[in-house]
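Taking it in order: structure first as structure tokens, then the write-up.
The values are calculated or read from the model by the stated rules, or taken from the named source; none is laboratory data. Keep in mind the model is a prediction, meaning the values are calculated, not measured. Virtual Cβ from ideal backbone geometry, glycine too; neighbours counted across all protein chains shown.
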Amino acid sequence: MKKALLLTATAVLASLCIWAQGTTENNTPDYKSYPYWIEMMQDETINFFEVQTAFNTYWEGREVTKGSGFKPYKRWEYMMQFRIKPNGERLPSDYLWKEYHKFLENNTAAKSPAGDWENLGPFNIPNAKGYQGLGRLNAIAFHPTDPNTIFAGAPAGGMWITNDGGITWTSYCDKLPTLGVSSIAVDHTNPDIIYMGTGDRDAGDALGIGVLKSTDGGVNWTEANTGMGNATVGRMIIHPTNENKLYAATSVGIFVTTDGAQNWTQQINGNFKEILFKTDDPETMYASKGGNFYKTINGGDEWIQITNGLASSSRGVIAVTSSNTEVVYFLTTGGSEFKALYRSSDAGDSFTEMSNSPNIMSWGCDGGSGGQAWYDLDIAADPQDENTIFAGGVNCFKSTDGGATWDISSHWWGDCGVPAVHADLHILEYNPADGRLYTGNDGGIYWTANGGTNWTVITDGMPISQVYRIGQSATVKDLVINGYQDNGTSTLNGTEWDFTRGGDGFECIIDPTDSKYSYASLYYGNVARYYNNNYQIDVCREGIYGINEAGAWITPYILDEYDPDIMFIGYKNIWRCNNVKAGAGQISWKKVSAFSNNDNMAVVEQSPANPEILYTGKYNGSVFRTDDAYSSNPLWIDITTNLPQGGTAGDIEAHPFDENTVYIALGNDIYKSIDKGLSWVDISSNLPSINLTSIAYYKNSQEGLYVGSDLGVFYKEYGMTDWIWFNEGLPVDASVREIEIYYHPDSISGDAIRAGTYGRGLWGSDMWAGTPEVAFSSSETVIPPNCAIDFYNMSTGLPHFFNWTFEGGTPGTSSDMNPLDINYDSPGTYAVALKVWNEFGQDSTYVAGYITVSDDILPEVYFEADDPAPCGSDVIHFTDQTLNCPDTWQWEFDPDNVTYMSGTNANSQSPTVQFNGSGTYSVTLTAENANGPGSLTKTDYVAIGGLILPFTEDFEEGSFDNKGWTVENPDSDITWDITNVDGNEPGNQAAWVNIINNNNLGTRDMLISPAMNFSNYNSLGLFFQHAYASKYPFVDTLIVKISTDCGANWTRLYSAALEELETAPPSILPFVPQTEDDWCGSGYGNDCIFLDLSDYAMESSVKIAFETYAFRGNNIYIDNIEVSNLVGLNDHIVDDQQVYIYPNPSDGIFNIILPDRTEALRMSVQNVNGQLMYTEKIGTDSDFSRVDASGFPRGIYFISFVSNELNVTRKIIVH
């Protein structure tokens, strides 16, 4: 008969013997030596972060072997990390059901009036290989007399019934609060009465809510868990002579009911997975908790642990046989491997070890190392032969001598000369009606009628796939690729599913422009390319094409929005490939980020509105953005501190038309940003407090957002106050992992949404629609003649059909959703009318005088250059941005020493121009429309060889971009920015680095100026203000560098740290300048910095860089930068007593700038003892001087400047 099921994860915690063996002297579990994580992950009372700690500690330094249980844990971890409280506590088992009812009670009109979800499968196993299947099964039960009626329970896909021996399957569980089933019991006197034990006892894929009961053959169900609560039920048995008496082995103990599950009473506490009757005495029962064997002889009033002949183990399962009612088998495992098979001949009072090898839990034909017995384990004894037993792990093994020896009966892909049966057996059961042996595994259900010589699969028709990710073709509606838990990747092509790739299937993509290409991935970022669903090559993984890191369990990757030859993938950093369709050995990957920690990426998103914008979220909660994703070294902006809450982003969705708008799923909420993630607004409204997995923006709506969740799909668009539950046809408990949208090329009514569910496969529906409310807008409303206008539908309710009328326009009518290029030739005012409709209604509007065509409107001329001050280049592309429909253009340059490139000329709308000499150029554009010309001149707009001096920067425009500053941020963390401060007139803004909040040691960040042209200067210098308060003993450094080759090479000009840099008293608090005294040259600290740049006179394409070296100290600020000739810098002397000395400290050479004077002065240098070291008389004709102290001993000196009008003493330091 049966045996029961695996002990799964919680076993060892319950095994006091093993627990004691693995604890330290202070009773703390020794996570390093023993895999406590196996039991902990299935104990809902244990904190998620503690389970992570136990797992990571155990695996540190260990080799991950096949079948070690590593992958099942990673599946659980991935799922669970999004379904916990912020402190790591796990949510109660019935939280989804409660949130579902609360949502419907509070939102009575929330159900969608449209949408028609249907299951798209897969319904059939793509082919007969053992490692390909449909989904996992945990439970099998039978009709007492009809061998063709079979019941199967999926841990995330509900209960399924066949009445024809597995030819067809039906489920009635779609309205139930859980789709997790781990046990089924059928009343032997009335088989219309069925009991369902909920939850997933083996991997935690579904939460348990106790027992459900049906009295009509499984069509309708009611909760029957009074006294039991929200337990995961691993096995149930019905008393053979009293059909109202049942026993249940659950995650919280063994329970009994005597009234048909109306009430339950606990008999013993603990995590029990297995319970069986002695075949001739229902008062005698056997049960297992962890690796411990229990027996009762009085109907469960007293349970006794049996140890006679048994050694400690982590998990055990039981089998009995009616051929000898005294025989009991107990199969035990240690961690993941086979430990021993015990046999009792005295009804479980004592046991004899029959075997402890080979390792029948392994992947091999004859045993071997490895296994994952905590996840996949069961045993069954032949009811006709007490010596024939079957043991299920990764494979199925058979013994015909009571467990003394073993032979393989089935193999996970058909090796070893035995049939192929999918890996990971969870249940073995004999059908009492015909004697067949059935097994449920990670692929489905199989049976044998000849002792395992042949196995027949009957899973077809049972869509129970656990989908991780989907990829909808952009060009073919019924072409979708899916990645599954333990069942690889398959592709829907029309109505048939084709096998694509084995293993666990994760992120998958179909090329948006050429659907013959697709991509499928395995764990940690192993991505393969397929052509017509045939494997070509691996395009990326750790160890190939220069990739030296792995990613997360599910590694995110995307194809470029506009160029499918480009792929981005998120490992620990972002990597970019520009030729992902190239041949083997030709593909090239480049790491385009340098994030400073080893946390993996969780999500990668590109903006369709501006593909240079890329977002990425990490599992540590960090979120970054770059605005130059195609550059060789993108600048990454850390927007983590701007997020409204912590936690890993479930998804990020960029607006398809507005590059500034982006949406993010965090925790149980959806947020919107209209400034690329700098600030966020909560748009969650009435969404239930559940995990949100996916966001899809529907482009044919007015800001329509679909959100996938653990309770299906929700929808909201512009004009809606609340979200609607777009779930008609979907199972209540369908955990939607990803949603994508297909856009029909000709009709909105042909658009479709796809949803991949974890347990019920792929689903599809048409789009939400409601009663239309008409509205529209246009690109212009006032235009000159011969000007075209674009019109945009803004109607809500998703109309499917449109009828436009354009008075005075050509064409005069349109049925497009967004008619473009409607031309108006003649002056006047004209009406626009729009009628819209769908199956739910219609609406129309007529706007008189909406368009005005005027003969007075001239062009509003404007243009921009891609880089008006290029460094190392003399070719610039100009872009015309003139309004009011210009039709001719005339470009002029002063001086006119230019050459037009790339086939453009002076009359091109947007020419490419080469400038044939250095210096500044003024640019004039004259544009003309039907009414006449308009003109714009930008004086000295172009600077070849760099900007002409003087160059000044006060950062009051609030952006580095306006003057061409760039930032190098190698670790993609905190870097240069602009902030508000005080005491630094003019204005109140400065550049800064927020060092005090940067926890990364030794990071360097450079703020780089635009190129400047020094070619007309013999002497020049750099002046800037700085502010800094040290946080001893942490040493931060400010460094100034110069480059004469556009930043290819740098020379250090200056550096200072601690007391040499500080301008305000040291502080352990974040330093923010508040007054003038906090800045250099005033109050507490050092003078401002003058740097003589005369050595670089006559150079062009010169850049200045301000670099910070952060060491967890305090914030550094700079402001009021000026590069000019030295006479110009003298303007910074603000009073007659001001003297500037630079650099200070110095290796010996000190440059001195003096104020204007009417008489000579005496300059002298003394040491701290008053000894005169140097003296010099300086006349009135010199504002500059230099002291050479290189021969002085290192130390502090005082330099004095004395005359009748000046008496100043300064401290100088010789290094």
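Things worth noting here:
- Checking 640, 616 one by one, the residue that is free of Cβ contacts under 8 Å to residues at least 40 places away in the same chain, of a type outside the set (D, E, K, R) and at negative phi is 640 and no other.
- When residues of the stretch 1096-1145 are limited to those that are among the small types (Gly, Ala, Ser) and modelled with pLDDT under 90, the one surrounded by the fewest Cβ atoms within 10 Å (Cβ to Cβ): 1128
- Residues satisfying the stated conditions in the stretch 704-736, i.e. in a strand (DSSP E or B) and crowded, with 23+ Cβ neighbours inside 10 Å: 706, 707, 708, 709, 712, 713, 714, 715, 716, 725, 736
- Extreme residue, farthest from residue 605 (Cα to Cα), among residues of the stretch 718-741 that are out of contact with any Pro (no Cβ under 8 Å at 6 or more places or on another chain), of a type in the set (Asp, Glu) and at pLDDT below 95: 728
- Of everything in the stretch 459-487 that is surrounded by fewer than 23 Cβ atoms within 10 Å (Cβ to Cβ) and not hydroxyl-bearing (Ser, Thr, Tyr), the residue that is nearest to residue 171 (Cα to Cα) is 461.
- Where a residue in the stretch 235-246 is touching a residue at least 40 places away in the same chain (Cβ under 8 Å) and its partner, wherever it lies, is among the charged types (D, E, K, R) and not in a strand (DSSP E or B), with Cβ under 7 Å and at least six apart: 238/187; 239/245; 243/187
- In the stretch 600-637, the residues that are out of contact with any Ser or Thr (no Cβ under 6 Å at 6 or more places or on another chain) and part of a strand (DSSP E or B): 603, 605, 606, 615, 616, 617, 618, 625, 626, 637
- Residue that is farthest from residue 1009 (Cα to Cα) [pool: residues in the stretch 956-989 that are part of a strand (DSSP E or B) and out of contact with any Gly (no Cβ under 7 Å at 6 or more places or on another chain)]: 980
- Pairs with Cβ under 7 Å, 6+ apart, first in the stretch 384-405 and within 18 Å of residue 431 (Cβ to Cβ), second assigned to a loop (DSSP other than H, G, I, E, B) and among the aliphatic types (A, V, I, L, M): 392/377; 396/421
- Just one of the numbered conditions (1) within 26 Å of residue 43 (Cβ to Cβ); (2) buried (at least 24 other Cβ atoms within 10 Å of the Cβ); (3) out of contact with any Gly (no Cβ under 7 Å at 6 or more places or on another chain) is not true of residue 321: (1).
- Test for residue 1053: is it more than 31 Å from the chain's Cα centre (by Cα), crowded, with 17+ Cβ neighbours inside 10 Å and in the same structural domain as residue 1099 (by TED's automatic domain parsing): yes
- Condition check for residue 294: under 47 Å from the mean Cα position of the chain (by Cα) and of a type in the set (Phe, Trp, Tyr): yes
- Total residues in the stretch 860-900, condition assigned to a strand (DSSP E or B), over 21 Å from residue 783 (Cα atoms) and within 44 Å of the chain's Cα centre (by Cα): 7
- Restricting the stretch 167-214 to residues that are at negative phi, in a loop (DSSP other than H, G, I, E, B) and of a type in the set (Gly, Ala, Ser), the residue that is surrounded by the fewest Cβ atoms within 10 Å (Cβ to Cβ) is 171.
- So residue 698, is it modelled with pLDDT of 95 or more and farther than 21 Å from residue 573 by Cα: yes
- Of the residues making up the stretch 214-270, those that are polar (S, T, N, Q), out of contact with any Gly (no Cβ under 7 Å at 6 or more places or on another chain) and more than 14 Å from residue 185 (Cβ to Cβ) are 220, 222, 226, 241, 258, 262.
- Test: residue in the stretch 742-749 that is touching a strand residue (DSSP E or B) at 6+ places or on another chain (Cβ under 8 Å), part of a strand (DSSP E or B) and either on the phi > 0 side of the Ramachandran plot or modelled with pLDDT of 95 or more (or both): yes
- Scanning the stretch 564-588 for residues that are in a loop (DSSP other than H, G, I, E, B) and basic (Lys, Arg), we see that the one that is surrounded by the most Cβ atoms within 10 Å (Cβ to Cβ) is 572.
- Residue 1214 being over 21 Å from residue 1092 (Cα atoms) and aliphatic (A, V, I, L, M): no
- Residue in the stretch 343-353 that is aliphatic (A, V, I, L, M) and closer than 26 Å to residue 65 by Cβ present: no
- Residue check for residue 525: of a type in the set (Gly, Ala, Ser), on the phi > 0 side of the Ramachandran plot and surrounded by fewer than 23 Cβ atoms within 10 Å (Cβ to Cβ): no
- Each residue in the stretch 1188-1215 was checked for being at positive phi and of a type in the set (A, V, I, L, M), and 0 pass.
- Of the strands (runs of 3 or more DSSP E) contained entirely in the stretch 236-290, those carrying at least 2 residues that are surrounded by 20 or more Cβ atoms within 10 Å (Cβ to Cβ) and in contact with a strand residue (DSSP E or B) (Cβ under 6 Å, 6 or more places away or on another chain) fall at 246-250, 253-257, 272-278, 281-289.
- Inside the stretch 1148-1201, residues that are in contact (Cβ under 8 Å) with a residue 24 or more places away in the chain, outside any loop (DSSP other than H, G, I, E, B) and not hydrophobic (A, V, I, L, M, F, W, C) make up a count of 11.
- Failed condition for residue 499, given (1) outside any loop (DSSP other than H, G, I, E, B); (2) buried (at least 19 other Cβ atoms within 10 Å of the Cβ); (3) of a type in the set (A, V, I, L, M, F, W, C): (2)
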